[in-house]
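Report on the following structure.
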Amino acid sequence: MTTLPPSIASWFTARGWSLHPHQTDMLARADAPALLLIAPTGGGKTIAGFLPTLAELATGSHAGLHTLYVSPLKALAADIKRNLRKPVEEAGLPIRIEDRTGDTSYTQKRRQRADPPHILLTTPESLALLTSYEDAPRMFAGLQRVVVDEIHALAESKRGDQLVLALSRLQAIAPDMRRVGLSATVDDPNAIATLLARHPDPCLILHADPGPAPDIAMLVTAEPPPWAGGGAKYSIPAVLDEIKKHKTTLIFHNTRAQAELFFHNLWLANDESLPIGIHHGSLDRTQRDRVEAAMVAGDLRAIVCTGTLDLGIDWGNLDLVIQIGAPKNVKRLVQRIGRANHRYNAPSKALLVPANRFEVVECVAALEAVMAHDLDGDPRGHGPRDVLCQHILIRACSGPFDENDLYHEIKTVGAYASLSRAAFDDCLDFCATGGYALCAYDKWKRLLKRPDGRWQLRDPRAAQRIRMNIGTIQDTDTLKVRLKGNFKPLGEIEEAFAATLTVGDTFLIGGKVVRYEGLREMTVEVSNRATKAPKIATFAGTKFATSTQLSARILQMFAQDSWPQLPAHTADWLQLQRDLSQLPQTGRILVESFPHDDRHYTCFYGFAGRNAQQTLGLLLTQRMEANGLNPLGLVATDYATLVWGLNAVTDPAPLLDPANLRDGLETWLAGNAVMKRTFRGSATIAGLIERNLPQARKSGRQATFSSDILYDTLSKYDPNHLMLRITREEAMRGLVDFGRIEEMLTRTQGAIDHVTLDRISPLAAPMILEMGKVPIAGLGREKLLQDAAAALMGPAA
Amino acid sequence: MTAGHSFTLGQTAVVATTARALWLPATQTLCVSDLHLGKAGRIARRGGTMLPPYETLDTLHRLATVIGDLAPKMVICLGDSFDDLDAADELLPDALTTITQLQSGRFWYWIEGNHDAGPIRIGGTHVQSLTHAGLHFRHIATEASSEVSGHYHPKHGINGTGPARPCFVYDANRLIMPAFGTYTGGVKATSPEISGLFGPKAIAVLTGPSAVAVPLKRSPPPRGSRGKFY
């Protein structure tokens, strides 16, 4: 049993603090090879993770790196550094604490490798980079503990897979390394434990007291929410009132663009000039730092933010969390709510603000789920192979390796425990030769097998290129934005959005309306001379789909005879839908057909989430095109897909036939843009496509060609190539999300209700107003292009 | 009958085909530009990634289809036919055989480009430029009139009708060809380096399922943006 050294104990006592039971437990179990703490936000779990390390380092006898702390956010690493240094300095402990992220300076990074601190705070990507250096074995030789904070968040993405692969490498270098995971409340702690622990070692799970139930409600406004849209502008006065009533409010949005727009409108309505800030991942680092510092100092009354502030950063005075837009996912909502009132055993206070009428239903369903402690989660699949390919390349950067050693090392990662030797060899072959059926690169392989049987990079200069492309976060290409004549960047916008701007256009960034002046090198220059209403910068953000569990709750709610829990405007709307058509049911697919604006519309209520509904739309329109129904476009939301075209759909059953849909995925959808984007993501992670090149991206797009061409070429000449197999696997989730279509088919078993109406139904009406309509690239489209061209040629001819 | 957009350049009737090739009906001449054969190999050789090594075959297959359809008496490859001179040397036997078969029974000109300046060991006539049927063929555009050139890989799109497509750009004096190679990107035809070569009445011919002609509107040049090219 590890005990708290007197210097720390007295520092605690001086503040009248005592350890929580789970913090004492963590100290007691300090020697466990793997330890997972599940604690609600605000439960002091980060300090619980560090106490054993502080105790072990208090004697000052350890030289070099002792504990590595990994968090999903740079901001979190910086925050922990602040919070940890205070007790360490005040208790006079001989412990050096530093952070290392993408934002750390070059000289600082070099020095850290030569002379690492006792405690290094970092992110999965920075850690992967550290393991790629030749001196990694020296740096990590004395490593005693890795603390993975907010591991539940990492577990949801490939960043978690990358992290645990890096841990397998560290464990090989430092066999005594213990693993500590800190997680918010999750649906399946065992899954997180499997991710964390060295396979097949057991992982001890400790549960902290979950604390009192949150005080959570839907914000009631005088004005009902609009029919469509995601801005929730209508709620500005009510939100402002709440800000005034509380000390500090955190206002969460699902996308960056919505956060920008909301902040802008909030600022316009801010008649008392309350100090309000904005924080999201596209803003420049210095601006984010400033907002974070002001928040910690208690200088701000509210922050408008996105998921970048989702995780356990400690804001002292926070007493209200407002979630704008339906939360899409109950687990994430609970974690966000936990941000409020960072005192143990005090209930968190939160308000949900639906952005439109349907989201009222979603918010109420989410509230019910929170009260029932019904968290959602999808089972973790086995480790993705694109991440494995990147891991092999990273391993090659750090020096020659033996393939058998590496295979066994990877098998100690829970997610890759079932990886077959053949699958590993495929990935190794891909990294070495490209893995093509046509062996074209005999002379120019990336990895070579040396006479001693070990693998190494053919060209050592390749290491730099590989290091520059480490990471699994799929960001779109962005351009820096700065005020003309001013060096300081304001933030970043997507390249695709920048391409749509012409001089004089205005857009929002950092809550400021700016005027586009031009492109200088790879920087967007803007001025403050904004006159027109702003275009909204289309940040990609993450388009969260409503979870399976939340969708199921909404369907259950639809089955009620009446809806006393809903505001009258929304209950009336559902009743109208029931009177004029019918409400969707759990075990059936509702299909509505109606004419509108000289087009035939058909709405398919699949409740499969936005991405799957979009995929469904693409598959349906493809079949409609083949059947001569001339579809023109579609729009997908989390609950339905609306398709329109020149001809009416009279029998939807064959369109929804499972065999047809699966066939469409295999054949037609394989050529679609969403599959190409999926391919692009995996091919970038696996190292086939380089995001960053050593020479700055000066030449940009024009010198490169689209990854779509690679996908098409590979599909045509090497359809069984590893990258295409990975792409098909990825299509079951993510952007394509065919897994949710399968879930819908299983749930409904071919039960379809087709309702033909003479006009648009109440439930379908908001969809007409939805953004993000997808045009169908069919014959009708080619004709439209020709017509548009003819119209343009008219005056010229 | 050739699928494409017919017009007259100088005194010569030409067809900009959907397949990114130029057809001169009177002399039965076919012109393609910027094949960039061997590009994947060149990237790997220089320590880059190993892209799917099928682009050379794909480019040649598409060229074979066009040649099969039109049975030209003469073929002009308008420069950057090879991604570099080593790429020409490293072509796989299959590709060399295909080129030899395509060349048989017709005149074949390789015009030098910036990527493949210098002698190559593959059959056909190597020239810096060529004057044929009243038109001047060279890789990079000059001030001359009645000129056909490549190099810029122009692409163009119409707002709201999908992504930009490789395109021909022409006015009364000159024509710039789209790149024919499979692994070739594009530069917006409205960018100053391309649109600056044309008068106000320039036309872009989009390629793809159909050949679509639209006026090329010149956008004001953004300051300080000058491109670099492969």
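Candidates are the residues of the stretch B:162-186 that are within 13 Å of the chain's Cα centre (by Cα) and within 10 Å of chain A (Cβ to nearest Cβ); the one that is farthest from residue B:8 (Cα to Cα) is B:183. In this entry, residue A:98 is excluded by the filter for residues that are in a helix (DSSP H, G or I) and either touching a strand residue (DSSP E or B) at 6+ places or on another chain (Cβ under 7 Å) or in the same structural domain as residue A:30 (by TED's automatic domain parsing) (or both). When the stretch A:191-227 is limited to residues that are small (Gly, Ala, Ser) and touching a Lys or Arg at 6+ places or on another chain (Cβ under 8 Å), the one that is surrounded by the most Cβ atoms within 10 Å (Cβ to Cβ) turns out to be A:197. Taking the criterion of being more than 8 Å from chain B (Cβ to nearest Cβ), open to solvent by 30 Å² or more (accessible area, probe 1.4 Å) and out of contact with any strand residue (DSSP E or B) (no Cβ under 8 Å at 6 or more places or on another chain), the residues of the stretch A:449-465 that qualify are A:451, A:452, A:460, A:464.
Taking the numbered list (1) at pLDDT 90 or above; (2) in contact with an Asp or Glu (Cβ under 9 Å, 6 or more places away or on another chain); (3) surrounded by fewer than 20 Cβ atoms within 10 Å (Cβ to Cβ); (4) not β-branched (Val, Ile, Thr) in turn, residue A:446 passes all entries but (3). Yes or no: residue B:126 farther than 30 Å from residue A:679 by Cβ and out of contact with any Pro (no Cβ under 9 Å at 6 or more places or on another chain)? Spelling it out, it is not the case that residue B:126 is farther than 30 Å from residue A:679 by Cβ and out of contact with any Pro (no Cβ under 9 Å at 6 or more places or on another chain). Condition first: closer than 16 Å to residue A:721 by Cβ and at pLDDT below 85. Now tell me which residues in the stretch A:672-710 satisfy that. Correct list: A:675, A:676, A:678, A:707, A:708.
Restricted to the stretch B:56-81, and to residues that are among the hydroxyl-bearing types (Ser, Thr, Tyr) and within 11 Å of chain A (Cβ to nearest Cβ), which residue is nearest to residue A:690 (Cα to Cα)?
First, the residues of the stretch B:56-81 that are among the hydroxyl-bearing types (Ser, Thr, Tyr): B:56, B:59, B:65, B:81.
Within this subset, residues satisfying the condition of being within 11 Å of chain A (Cβ to nearest Cβ) are B:56, B:59.
Working: B:56: 21, B:59: 23 Å.
Across the stretch B:56-81, the extreme among qualifying residues is B:56.
Could you tell me which residue of the stretch B:33-55 is farthest from residue B:17 (Cα to Cα), considering only residues that are open to solvent by 20 Å² or more (accessible area, probe 1.4 Å) and more than 7 Å from chain A (Cβ to nearest Cβ)? Out of the qualifying residues, it is B:46.
Residues that are at pLDDT below 95, in the same structural domain as residue A:223 (by TED's automatic domain parsing) and of a type in the set (Phe, Trp, Tyr) occur at least once in the stretch A:350-362. The strands (runs of 3 or more DSSP E) found wholly in the stretch A:192-304 and carrying at least 1 residues that are in contact (Cβ under 8 Å) with a residue 60 or more places away in the chain and closer than 28 Å to residue A:147 by Cβ occupy A:204-207, A:248-252. Any residue at all in the stretch B:68-81 that's in a strand (DSSP E or B) and open to solvent by 10 Å² or more (accessible area, probe 1.4 Å)? Yes, the stretch B:68-81 contains at least one residue that is in a strand (DSSP E or B) and open to solvent by 10 Å² or more (accessible area, probe 1.4 Å). Which ones in the stretch B:185-199 are in a loop (DSSP other than H, G, I, E, B) and at pLDDT below 90? Within the stretch B:185-199, B:185, B:186, B:190, B:191 qualify.
Within the stretch A:4-58, the set of residues being open to solvent by 10 Å² or more (accessible area, probe 1.4 Å), part of a loop (DSSP other than H, G, I, E, B) and under 20 Å from residue A:86 (Cα atoms) comprises A:4, A:5, A:15, A:16, A:17, A:18, A:19, A:20, A:42, A:44, A:58.
Rundown of residues vs (1) open to solvent by 40 Å² or more (accessible area, probe 1.4 Å); (2) in a strand (DSSP E or B); (3) of a type outside the set (S, T, N, Q); (4) touching an Asp or Glu at 6+ places or on another chain (Cβ under 6 Å), yes/no style:
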residue	(1), (2), (3), (4)
A:359	no, no, yes, no
A:377	no, no, yes, yes
A:404	yes, no, no, no
A:435	no, no, yes, yes
A:441	no, no, yes, no
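Per this entry, residue A:124 is not counted among residues that are open to solvent by 30 Å² or more (accessible area, probe 1.4 Å) and either on the phi < 0 side of the Ramachandran plot or of a type outside the set (Gly, Ala, Ser) (or both).
The values are calculated or read from the model by the stated rules, or taken from the named source; none is laboratory data. Note that the structure is a prediction, hence the values are computed from the model and not measured. FYI the Cβ positions are ideal-geometry reconstructions off the backbone, even for glycines, and counts take in every protein chain you see. Please note that ligands, DNA and RNA were not included when accessible areas were found on the heavy atoms of the full protein model with its side chains. Shrake-Rupley method; radii C 1.70, N 1.55, O 1.52, S 1.80 Å.
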